[in-house]
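Read-outs throughout are calculated quantities, based only on the coordinates presented, and are distinct from any laboratory measurement. Because the structure is predicted, anything quoted here is derived from the model rather than measured. With ideal geometry, Cβ positions are generated from the backbone for all residues, glycine too; neighbour counts draw on all protein chains shown.
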Amino acid sequence: MEKEQCSKVVKCALFNGIILKRSTSEDVYKNLFCNASKEKWTTCKRYQVSEKAGKCADWILPNSTLTVDEIIKKMKEKGELV
């Protein structure tokens with residue numbers, strides 16, 4: 001399967017070094033999700049939340065164990081989503 005880059009990278013805080021500050025973990029996430037096939041990056045919780053809610057909070061990582069709905073609920077509770 002050919003690699004593609006996630007369509008959300010332009011605005012993604014993880015991809016742009018804001019969340020993990022250019023760490024080794026950031027590189028791993030990029031390789032597993034952002035720079036992989038569409039089949040992979042569409043499994044990213046950041047991508048899924050952004051698709052459903054229109055944005056994604058910085059505390060969410062691609063492999064979060066929370067469901068998309070749980071994440072959105074927490075974002076609303078924290079005032080990060082209206």
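Restricting attention to segment 40-48, does a residue exist that is hydrophobic (A, V, I, L, M, F, W, C) and over 9 Å from the mean Cα position of the chain (by Cα)? Reasoning before the result, please.
Going residue by residue through segment 40-48, those that are hydrophobic (A, V, I, L, M, F, W, C) are 41, 44.
Checking which are over 9 Å from the mean Cα position of the chain (by Cα) leaves us with none.
Checked segment 40-48: no residue is hydrophobic (A, V, I, L, M, F, W, C) and over 9 Å from the mean Cα position of the chain (by Cα).
Taking segment 66-78 as the search range and keeping residues that are under 19 Å from residue 19 (Cα atoms) and either assigned to a loop (DSSP other than H, G, I, E, B) or of a type in the set (Lys, Arg) (or both), which one is nearest to the chain's Cα centre (by Cα)?
If we take residues in segment 66-78 being under 19 Å from residue 19 (Cα atoms) and either assigned to a loop (DSSP other than H, G, I, E, B) or of a type in the set (Lys, Arg) (or both), then 66 is nearest to the chain's Cα centre (by Cα).
Check segment 20-31 and report whether any residue there is without any contact (Cβ under 8 Å) to a residue 60 or more places away in the chain and touching a Cys at 6+ places or on another chain (Cβ under 6 Å).
The answer is no; no qualifying residue exists.
Scan segment 66-76 residue by residue and report those that are free of Cβ contacts under 8 Å to residues at least 24 places away in the same chain and surrounded by 15 or more Cβ atoms within 10 Å (Cβ to Cβ).
Across segment 66-76, the qualifying residues are 68, 72, 74.
Return the residue satisfying two criteria in turn: it lies in segment 10-43 and is under 26 Å from residue 69 (Cβ atoms) and among the aliphatic types (A, V, I, L, M), and of such residues it is surrounded by the most Cβ atoms within 10 Å (Cβ to Cβ).
It comes out as 14.
For segment 12-31, which residues satisfy the criterion of being within 10 Å of the chain's Cα centre (by Cα) and outside any helix (DSSP H, G or I)?
12, 13, 14, 15
Residues of segment 44-65 being loosely packed, with under 14 Cβ neighbours inside 10 Å and part of a loop (DSSP other than H, G, I, E, B), which ones?
Hits for segment 44-65 are 54, 55, 58, 59, 63, 65.
Which residues, counting only those in segment 32-43, are part of a helix (DSSP H, G or I), over 18 Å from residue 13 (Cβ atoms) and either hydrophobic (A, V, I, L, M, F, W, C) or touching a residue at least 24 places away in the same chain (Cβ under 8 Å) (or both)?
Result: 38, 39.
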